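J.: Let me give you the structure first, and then I'll get to my questions.
The values are calculated or read from the model by the stated rules, or taken from the named source; none is laboratory data. Given the structure is predicted, the values throughout are model-derived calculations rather than measurements. Virtual Cβ from ideal backbone geometry, glycine too; neighbours counted across all protein chains shown. We work out accessible area using only protein heavy atoms, side chains counted, and drop any ligands, DNA or RNA first. Shrake-Rupley method; radii C 1.70, N 1.55, O 1.52, S 1.80 Å.
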Amino acid sequence: MLPMNYKLRQTIAVLAAGLAVAGPAFAADAKKPAAPVKASSVVMRATDEAPIAPLMVMGDFNRDGIMDIAEIHPAMLGHSGPASLSISLGQANGKYKVITSTWKVGSAPRAIVIGDFNRDGVPDVIVGDEDGTLVLFLGDGAGGMKSVGTIAHLDSVVSIAVADFNHDGILDLAVSDWHASTVTVLAGVGNGSFKKEWSFPLRMPGTSPQLTAADFNRDGITDLAVVYNADDGYTYDVMLGAGNGTFVAAPNLSVVKDPNAHCAP
């Protein structure tokens, strides 16, 4: 039988690989708003040869039992201006119908997550921008969205993880912030608003780690993995949840290389 640490490392390695690929979709069950939502984020990339890959999540936004897509469309390369959020409704034949309405987001979105943040049974979307703003879009149940504005402002946003970190039945957020070199936990209030709960420093300051939430030590409490993509491969820190919105580092479950291999700018 394989030891638990080996299985854990394989699991986080797979999650890390998935987070490193631009443009995946993450599904959430809108019929179970109290359960932790599996969601994550992807850093948008651009090169001279290829366009920026869009960010997207999946959920049943019009409650017809068919998965839909919420997608971020950045401004065209070489053009300034805000990006936009669109909804494509899934059809029974496997195709998608794009809703004509779009909603403006920031000029440099970096993460998008899905969850029922106001507990009305309809999936909502949060978009995090490079400038640190987190904007909430509430689903109307028919496939539309309503922007309620900025719900939090950090120094920057790289990745967002969604789960019930403090065990109150309400979805919370963990946000990695490369400008501040921290991960910040925002506690959900239940009406779509959030309050700052706690933060901890990044092991590798000035980097852009991805976050993923899961119960890594099988104690029934959601934990965090902070995944770094260094030049010499992935490393990650497992932070064990205390059940109150705070976390404790678990070096025995983490993979850390030579601390002198990375120097903060």
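J.: So how much slack lies between ALA230 and SER107, counting 0.36 nm per residue of separation and subtracting their Cα-Cα distance, in nm?
T.: Values: separation 123, 0.36 × 123 = 44.28 nm, distance 2.66 nm.
Length gained between ALA230 and SER107: 41.6 nm.
J.: Can I ask one more? What nm distance separates the two modelled labels at ALA75 and THR150, each placed 7 Å from Cα along Cα→Cβ?
T.: Taking the simple label geometry, ALA75 and THR150 are separated by 1.8 nm.
J.: So if each residue of separation counts as 0.36 nm, and I subtract the Cα-Cα distance between SER199 and ALA242, what length gain in nm does that give? It would help to have the intermediate numbers written out before the result.
T.: On the way: separation 43, 0.36 × 43 = 15.48 nm, distance 1.35 nm.
Full-extension gain reported as 14.1 nm.
J.: Another one. Mind checking the stretch 173-221 for trypsin sites (Lys or Arg not before Pro) that DSSP puts in a loop (not H, G, I, E or B) and that have at most 12 other Cβ atoms within 10 Å? Can you show the working numbers first?
T.: Details: sites: LYS195, LYS196, ARG203, ARG218; in loops: ARG203, ARG218.
Filter output for the stretch 173-221: ARG218.
J.: Which of the three applies to the stretch 146-265, rounded, prolate or oblate, going by the alpha-carbon gyration tensor with a ≥ b ≥ c and a/c under 1.5 meaning rounded? Show your work: numbers first, answer last.
T.: On the way: a/c = 2.46, a/b = 1.36, b/c = 1.81.
It is oblate, given that a/c is not under 1.5 and a/b is not larger than b/c.
J.: Something else now. Roughly to the nearest percent, how much of the accessible area of the stretch 179-229 is carbon and sulfur, given a 1.4 Å probe?
T.: Details: 970 of 2040 Å².
Here carbon and sulfur together make up 48 percent of the probe-accessible area.
J.: Of the listed pairs LYS97/LYS195; LYS104/LYS257; LYS97/LYS146; LYS97/LYS196; LYS195/LYS257; LYS95/LYS195, which have alpha-carbon separations greater than 29 Å here? Could the numbers behind the result be given before it?
T.: Details: LYS97/LYS195 36 Å; LYS104/LYS257 41 Å; LYS97/LYS146 19 Å; LYS97/LYS196 38 Å; LYS195/LYS257 34 Å; LYS95/LYS195 39 Å.
Checking Cα-Cα distances, LYS97/LYS195; LYS104/LYS257; LYS97/LYS196; LYS195/LYS257; LYS95/LYS195 exceed 29 Å.
J.: Can you give the accessible area of TYR234 in Å² (nearest 10), computed on protein heavy atoms with a 1.4 Å probe?
T.: That residue has around 90 Å² of solvent-accessible surface.
J.: Hey, got the dipole for the stretch 128-188? About the Cα centre, +1 on K and R Cβ, -1 on D and E Cβ, debye to the nearest 20? Please list the in-between numbers first.
T.: Working: 1 positive and 9 negative charges, 29 e Å.
In total the dipole reaches around 140 debye.
J.: May I pose another question? At what distance in nm do the modelled label points of ALA142 and LYS95 sit from each other, each positioned 7 Å from its Cα along Cα→Cβ?
T.: The modelled label-to-label distance comes out at 2.3 nm.
J.: Could you tell me the calculated FRET efficiency between ALA180 and ILE66, based on Cβ-Cβ distance and R0 = 41 angstrom, to the nearest 0.05?
T.: Working: r = 40 Å, r/R0 = 0.97.
Efficiency, from the Cβ-Cβ distance: 0.55.
J.: Rounded, prolate or oblate: which fits the stretch 101-213 when a ≥ b ≥ c are the square roots of the eigenvalues of the alpha-carbon gyration tensor, with rounded for a/c under 1.5 and prolate only if a/b beats b/c?
T.: Working: a/c = 2.27, a/b = 1.37, b/c = 1.66.
Oblate, since a/c reaches 1.5 and b/c is not below a/b.
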